[in-house]
């Protein structure tokens with residue numbers, strides 16, 4: 001199935017006149033740049049009472065909203081072994097967006113590395129609740145690659161949240177100074193970085209300020225007009 005998807009995607013791209021691409025990522029000549037964008041609910045102020053029916057959450061937590069492949073789950077949970085002891089009791093790791101099979105796998109992985117008691121696996125959450133889950137997290141932990149559009153890193157920046165992730169060409173381009181990025185194989189430093197953001201108030205404040213600055217304008221209401229202009233230019237080639 002993965003090969004079929006890749007083949008179909010390659011075939012579709014081969015016939016494309018241009019690819020719309022975030023202007024903050026490395027690009028090619030056949031890509032048409034557009035400003036980054038996130039759903040406006042991630043930038044809106046939210047002062048509502050936060051209770052998801054049937055779901056109990058602690059007042060403070062670290063949020064993982066990333067891929068559910070085994071490699072990514074294992075990296076996240078192995079990194080969490082370095083953070084769980086110092087902060088896990090008061091700041092458990094909340095895993096969001098995993099399907100049933102991935103939740104079962106994450107449960108087994110968490111137990112195998114000894115952090116099951118500090119990991120909370122959420123059921124499927126209606127999309128409308130997700131921005132609130134981001135805003136109420138102490139840290140967004142995303143030790144994984146990112147998609148070009150959207151994704152946890154852009155959502156974290158839009159919410160003005162401290163962010164810890166892995167260092168790649170794309171993640172570095174997206175976050176700039178607004179996150180702590182670590183070599184993907186250095187799980188110890190990934191865990192330590194999460195601890196650092198929580199215990200060092202000045203670091204957390206600096207990252208939040210940088211996140212707000214980085215995401216300014218991502219939901220300015222004119223993105224649709226810019227997209228329409230892009231279609232007009234591309235189709236006139």
*Go through (1) in contact (Cβ under 8 Å) with a residue 40 or more places away in the chain; (2) surrounded by 15 or more Cβ atoms within 10 Å (Cβ to Cβ); (3) more than 13 Å from residue 65 (Cβ to Cβ) and name the single condition residue 142 misses.*
(3)
*Considering only the range 161-173, how many residues are surrounded by fewer than 21 Cβ atoms within 10 Å (Cβ to Cβ) and assigned to a loop (DSSP other than H, G, I, E, B)?*
2
*Candidate set: the range 95-113, residues that are buried (at least 20 other Cβ atoms within 10 Å of the Cβ) and under 17 Å from the mean Cα position of the chain (by Cα); chosen: the one nearest to residue 134 (Cα to Cα)*: 96
_Here is a list: 51, 5. Which entry is modelled with pLDDT under 90, out of contact with any strand residue (DSSP E or B) (no Cβ under 9 Å at 6 or more places or on another chain), surrounded by fewer than 16 Cβ atoms within 10 Å (Cβ to Cβ) and assigned to a loop (DSSP other than H, G, I, E, B)?_
51
_Residue satisfying all of: in the range 128-160; in a loop (DSSP other than H, G, I, E, B) and out of contact with any helix residue (DSSP H, G or I) (no Cβ under 8 Å at 6 or more places or on another chain); modelled with the lowest pLDDT among these_ = 150
*Working carefully through the options 83, 102, 106, find the one that is in contact with a strand residue (DSSP E or B) (Cβ under 9 Å, 6 or more places away or on another chain), closer than 29 Å to residue 202 by Cβ and part of a helix (DSSP H, G or I).*
83
*Checking residue 89 against (1) more than 14 Å from residue 72 (Cα to Cα); (2) touching a residue at least 60 places away in the same chain (Cβ under 8 Å); (3) not in a helix (DSSP H, G or I), which single condition isn't satisfied?*
(2)
_So residue 234, is it assigned to a helix (DSSP H, G or I), farther than 22 Å from residue 38 by Cβ and out of contact with any helix residue (DSSP H, G or I) (no Cβ under 6 Å at 6 or more places or on another chain)_ = yes
*asked:* Taking the condition of being in contact with a helix residue (DSSP H, G or I) (Cβ under 7 Å, 6 or more places away or on another chain) and either surrounded by fewer than 22 Cβ atoms within 10 Å (Cβ to Cβ) or within 18 Å of residue 146 (Cβ to Cβ) (or both), how many residues in the range 63-80 meet it?
replied: 11
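Under the condition of being closer than 21 Å to residue 79 by Cα and not in a helix (DSSP H, G or I), which residue from the range 182-228 is farthest from the chain's Cα centre (by Cα)? Even if it seems obvious, please write down each step before you answer.
Start the filter on the range 182-228 by keeping residues that are closer than 21 Å to residue 79 by Cα, which leaves 182-200, 203-204, 207.
Then keep just the ones that are not in a helix (DSSP H, G or I); that gives 182-186, 200.
Values: 182: 15, 183: 17, 184: 15, 185: 18, 186: 19, 200: 22 Å.
Top of the filtered list is 200.
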_Hey, residue 125 touching a helix residue (DSSP H, G or I) at 6+ places or on another chain (Cβ under 9 Å), modelled with pLDDT under 95 and outside any helix (DSSP H, G or I) or not_ = yes
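The values are calculated or read from the model by the stated rules, or taken from the named source; none is laboratory data. Since we're looking at a predicted model, the values are computed, not measured. Virtual Cβ from ideal backbone geometry, glycine too; neighbours counted across all protein chains shown.
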